[in-house]
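Student: Below is the structure I would like to discuss, written out as structure tokens.
Coordinate-derived values only; no laboratory data. Everything quoted here is computed from the prediction, not taken from an experiment. Every residue, glycine among them, receives a Cβ derived from its backbone with ideal geometry; neighbour counts consider all protein chains shown.
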Amino acid sequence: MKKLLGSAMVMLLLAGVANADYSFPMFDITNVPDTTVGPAVVDLNGAAITADTYYSYSVTFDWSAVSGDPWSEEALLGFADANSVDGVTTWYADPGTNMPGSYDDPYPTTITQTGFFDTPYVGGNPLFFFAGQAYTGSVASWTDIDIDFSTATAVAPTAMDVAVPSSTSGSLSEGVIDWYSFTLGSEADVDINTLLSPLTTDTELGLYSETGTLLATNDDFDYANDIYLSQILGTLSAGTYYVAVGGWDSQFGNGFTAVGGDSLGDYTLTITPEPASLALLVLGGFSALRRRR
């Protein structure tokens, strides 16, 4: 069943950075424009960053309104490999709006966003910080921007290992995520779904890489026709993957962050190879920008 985008989505990326392995000098962006004008971009001098592989990040900054009625919950940040949205080939992190510490008002606040990179960043490569506001015509001030990177990796959850193809039965519990893992020996097109479940069941799915990157999610297979089961289609490289199964209103984020939803019921998780090339669902903030008001 569909749910409203709102404050519940704030929890999508709350996997914390335990220790800072690289800290950037603090800086200010006193005029952060709306994303139709900007965004503001800062070169983080990737060539000077220690040549480690970084899996997680933390960003803290003081937010205040400048003009055009901005709200703090409309703040957008991102890390990428180029200095313009059109030129980006890799979004290392692009968490979207509703970051922790932000609100649907123009009052000053301190925002802290922590999480795992969508794609791990390797020091020495180009790196740019993006800052923008999602409301057209608005301008905000971001000051004392404090960024830390960590080489800590996410801890994989305890999961039931299943074959490909396979069908596995389970039962939804309130607030609980059921974890499954599978391994591909070579690249394959894969169909992951709960479509053999009773139609009274309302599932949600999250697909993760072995390092904890959230690759795709799906809520409803066919909401218009009241089919609240779930399906993820994708072309996957060789490796190990994790599937999170929860009920309606589950929340999924990088670093194996997942919180189970409210609905109950029996389900069947089916994982099968597919013959045709498919594309994964896309997540993102700057890379999939949407209006909020």
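Student: Multiply the residue separation of Asp43 and Tyr103 by 0.36 nm, subtract the distance between their alpha-carbon atoms, and state the gained length in nm to one decimal.
Tutor: Taking 0.36 nm per residue and subtracting the Cα distance, the gain is 18.8 nm.
Student: Further, regarding this structure: Taking the Cα centre as origin and putting +1 on Lys and Arg beta-carbons and -1 on Asp and Glu beta-carbons, what dipole magnitude results for the chain, to the nearest 20 debye?
Tutor: 200 debye
Student: Cα atoms only, the range 166-219: Rg and Dmax in Å?
Tutor: Just the Cα atoms of the range 166-219 yield Rg and Dmax of 12.5, 36 Å.
Student: If packing is taken as the average count of other Cβ atoms within 10 Å, what order do 137-150, 103-116 fall into, highest mean first?
Tutor: 137-150, 103-116
Student: Given the range 72-182, report the % of alpha carbon pairs whose separation exceeds 23 Å.
Tutor: So the portion of pairs separated by more than 23 Å is 50 percent.
Student: Here is a follow-up. What size of dipole, in debye to the nearest 20, comes out for the range 105-244 about its Cα centre when the only charges are +1 on Lys and Arg C-beta atoms and -1 on Asp and Glu C-beta atoms?
Tutor: That gives the range 105-244 a dipole magnitude of about 320 debye.
Student: Which longest uninterrupted range of the chain lacks any GluC sites (Glu not before Pro) assigned by DSSP to a loop state (not H, G, I, E or B) and surrounded by at most 12 other Cβ atoms within 10 Å?
Tutor: The answer is 1-173.
Student: Using 0.36 nm times the number of residues separating Thr36 and Asp144, minus their current alpha carbon distance, what extension gain do you get?
Tutor: 36.4 nm
Student: What distance in nm separates the two pseudo spin-label positions at Asp161 and Thr200, each 7 Å out from Cα along the beta-carbon direction?
Tutor: 3.6 nm
Student: Determine by what factor the alpha-carbon radius of gyration of the range 51-114 differs from 2.2 N^0.38 Å, reporting the quotient.
Tutor: It is 1.27.
Student: Dipole of the chain (Lys/Arg Cβ +1, Asp/Glu Cβ -1, origin at the Cα centre): which of Thr270, Val59, Leu127 lies farthest to the positive side?
Tutor: Farthest along the dipole direction, towards plus: Leu127.
Student: Separate question: Using the Cα centre of the chain as origin and beta-carbon charges of +1 (Lys, Arg) and -1 (Asp, Glu), tell me which of Ala48, Ser186, Phe117 is placed farthest towards the positive end of the dipole.
Tutor: Ala48
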